[in-house]
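Student: Mind having a look at this structure? Questions to follow.
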Amino acid sequence: MKYLRYVLMVLAVIVVVIAGMAAYIAATFDPNDYKPQIIELVKQKQQRTLRLDGDIKLAFWPSLGADLGGLSLSEFKSDQEFAAVESARVSLALMPLLSKQLVVNEVTIKGVRASIVRYKDGRMNIDDLLTRDDQKQEQFKFDIDHVAIERSTLNFRDETKGAEYALSDINLKTGRIANGVPTKVSVSLAVKGNQPKLNINADLKTRLTFDLEQQQYALEEIVLEAKGQVADINNLAAKVAGNATASLKTGEFNFGKLSVALTGASGKNNFDVRLDAPQLNFADGKAIGDKVTMVAKITNPQGTTGVNLTLPGIEGTAQVFKSGAMTLDLDVKQGDLTLKSKLSSPVSGNLQTQQVSLPKLVASISASGPNLAGKGVSGEFSGGANIDWAKQNAQANLTGKVGDSNIKARLGVAGFTPPGINFDIEIDQLDADRYLPPQPAGGKSAGAHKQPEQLLDLSGLKNLHAYGTLRIGSLKAAGVKASNVKFDIKPEGPVTKSKKLTADVRR
């Protein structure tokens, strides 16, 4: 007991001495007296001008902390402002510092504003800040209780592309940040840009876990929501959910339970898209994924279009991929016309060039409506197709049969919103009477003579941006037979008309 009393007395003396030293330092040491030295050190090391507007306030117990007033940092070798902060507070736990552990109790930063610029020669205005010191420095283990960033703004200007983006009203909150400790993270911000045109508000919530030594990072229960405008898409509402992990040492990346939901409007078209990808893995330069499904619906004043897409599995690299037999179901209702189509083909593509190939395409199609006689029209086709999303165009070469007609078709789409369709179609024979409503009794048939060149009004297709050539070897319509019929069709203003109609008409 006597020895214990001595120990306690010694500890008490030590506490009193430390407390006295802290009180003396707090009473006599003013960090604001060292502002000129701090500013000069930044000037020498970084060749930037640091401005400290407010007073620096220190705290020594129960943690070592500093409250900073307003401060700003200039551009490299310039007095122009690069970044500024309205206020910041940082506090450190004292005892862990003795064992080279950086335990931060609090990081709170308010009113950050910064501008990042990529110049026309490729340099960036932060290159000097990213340069690492060649001298090896001892590393501290760190543990942060929480981080808060409020009311902040970040601007980015890319002079090589003429692009400008502004991130405003940035708010970030985290729980404890430490090796192997899961922490909740929430971020909200507004984004505006010009390439493409952006005006959205975004909110992200997730749980972060990392291991700095193993360079492993995991984001679980990701929920990203965004609303606003992107390019010509208005009233956009997007939600992305899932999990993601990354191992930088091995170069392995995993995405699980990924789901994407999008709604919005482009012109008079309203769309609703749902995509699900249960598992996608990138490792050793290769990509492997489970079945991917997409369901989309497009509505406009003329009707609706439904799309169901299934990819049985994906494999390849981060750039090039291929899949088994994709299936695509298309259901279109435009006015009284109903069109159903089903396509299947293996798929290959390049994510970097945004190109997709369907080399062995098989398609079935059927159409019905009050203006089509009987049970409507149906047919089957085979061939191949290529899609270039970057250039927004698609090409297809198909051969098939509809009823008794053998068809060869070259189809193209230029631009997707809205699409411009071009075609070159050749039909060996066509009995139009099989597909058209019967003519009224007493209808006058055409005489057996060559018809003069004339315009054919196709005002029923006024909303379709299409042009091309249709050739029919033998045509029968309304009791009239014609051979070597050729239609050259082009759009004229809001109404689509044929450029010319030529035919040799025979009984």
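The values are calculated or read from the model by the stated rules, or taken from the named source; none is laboratory data. Remember, it's a predicted structure, so these values are computed and weren't measured experimentally. Ideal geometry is used to build each Cβ from the backbone, glycine not excepted, and the neighbour counts take in all protein chains shown. What goes into the accessible areas is simple: the full protein's heavy atoms, side chains included, and nothing from ligands, DNA or RNA. Shrake-Rupley method; radii C 1.70, N 1.55, O 1.52, S 1.80 Å.
Student: Which whole-number value in Å² is the accessible area per residue of the range 331-374, probe 1.4 Å? Let's see the in-between values first.
Tutor: Numbers: 2520 Å² over 44 residues.
Spelled out: the 1.4 Å probe surface of the range 331-374, per residue, equals 57 Å².
Student: Roughly what would the spin-label model give for K197 and D488, points 7 Å off Cα along C-beta, in nm?
Tutor: If labels sit at K197 and D488, their model points lie 3.7 nm apart.
Student: If you don't mind, there's one more thing I want to ask. At R0 = 35 Å, how high is the FRET efficiency between I298 and K476 if r is their beta carbon distance? Nearest 0.05 is fine. List each step's numbers first, then the result.
Tutor: Working: r = 36 Å, r/R0 = 1.03.
With R0 = 35 Å, the Cβ-Cβ based efficiency is 0.45.
Student: Further, regarding this structure: Of all the C-alpha pairs in the range 349-432, what % are more than 18 Å from each other? Mind dumping the intermediate values first?
Tutor: On the way: 1869 of 3486 pairs.
Tail of the P(r) past 18 Å holds 54 percent of the pairs.
Student: Once R0 is set to 60 Å, what does the formula 1/(1 + (r/R0)^6) return for the Cβ-Cβ distance between D329 and L50, expressed as a FRET efficiency to the nearest 0.05?
Tutor: Working: r = 63 Å, r/R0 = 1.04.
Once rounded, the FRET efficiency stands at 0.45.
Student: To the nearest 0.05, how large is the calculated FRET efficiency for K57 and N254 if R₀ is 60 Å and r is the Cβ-Cβ distance?
Tutor: E(calc), rounded to 0.05, equals 0.85.
Student: Leaving ligands, DNA and RNA out of it, work out the accessible area of R176 with a 1.4 Å probe and give it in Å² to the nearest 10.
Tutor: Taking all protein chains as shown, R176 has close to 110 Å².
Student: Okay, moving on. Mind giving me the nanometre distance, one decimal, between the label points for D404 and K120, set 7 Å out from Cα along Cα→Cβ?
Tutor: My value for the distance between the label points is 6.9 nm.
Student: Using only the alpha-carbon atoms of the range 178-246, report the extent along each of the three principal axes, biggest first, to the nearest angstrom.
Tutor: Principal extents (largest minus smallest coordinate, Cα): 44, 20, 16 Å.
Student: If you build the Cα gyration tensor of the range 320-380 and take the root of 5 times each eigenvalue, what three semi-axes come out, in whole angstrom, biggest first?
Tutor: Working: eigenvalues 199, 29, 10 Å².
Semi-axes, largest first: 32, 12, 7 Å.
Student: Three principal axis extents, largest first, for the C-alpha atoms of the range 248-311, in Å?
Tutor: 53, 20, 17
Student: Right, here's the next one. Just to confirm, what accessible area per residue do you get for the range 247-319 at 1.4 Å probe, in whole Å²? Don't skip to the end; give the middle numbers.
Tutor: Details: 4150 Å² over 73 residues.
Per residue, the range 247-319 has 57 Å² of solvent-accessible surface.
Student: Here's another thing I want to ask about it. Average projected area of the Cα convex hull of the range 139-270, in nm²?
Tutor: For the range 139-270, the mean projected area of the Cα convex hull comes to 10.3 nm².
Student: Taking the range 291-423 on its own, what percent of its Cα-Cα pair distances exceed 25 Å?
Tutor: Working: 2610 of 8778 pairs.
Summing the P(r) of the range 291-423 above 25 Å gives 30 percent of all pairs.
Student: Quick check: pseudo-label points 7 Å beyond the Cα along Cα→Cβ at A148 and Q355, how many nm apart are they?
Tutor: Taking the two extended label points, one gets 5.3 nm.
Student: On each of the three principal axes of the Cα atoms of the range 185-332, give max minus min coordinate, whole Å, ordered largest first.
Tutor: 58, 41, 26 Å, listed from the longest principal axis down.
Student: Continuing with this model, one more query. Given bins 5 angstrom wide, list per bin the percent of all Cα-Cα distances in the range 248-358, short to long.
Tutor: 3, 11, 16, 19, 19, 14, 10, 5, 3, 1, 0, 0
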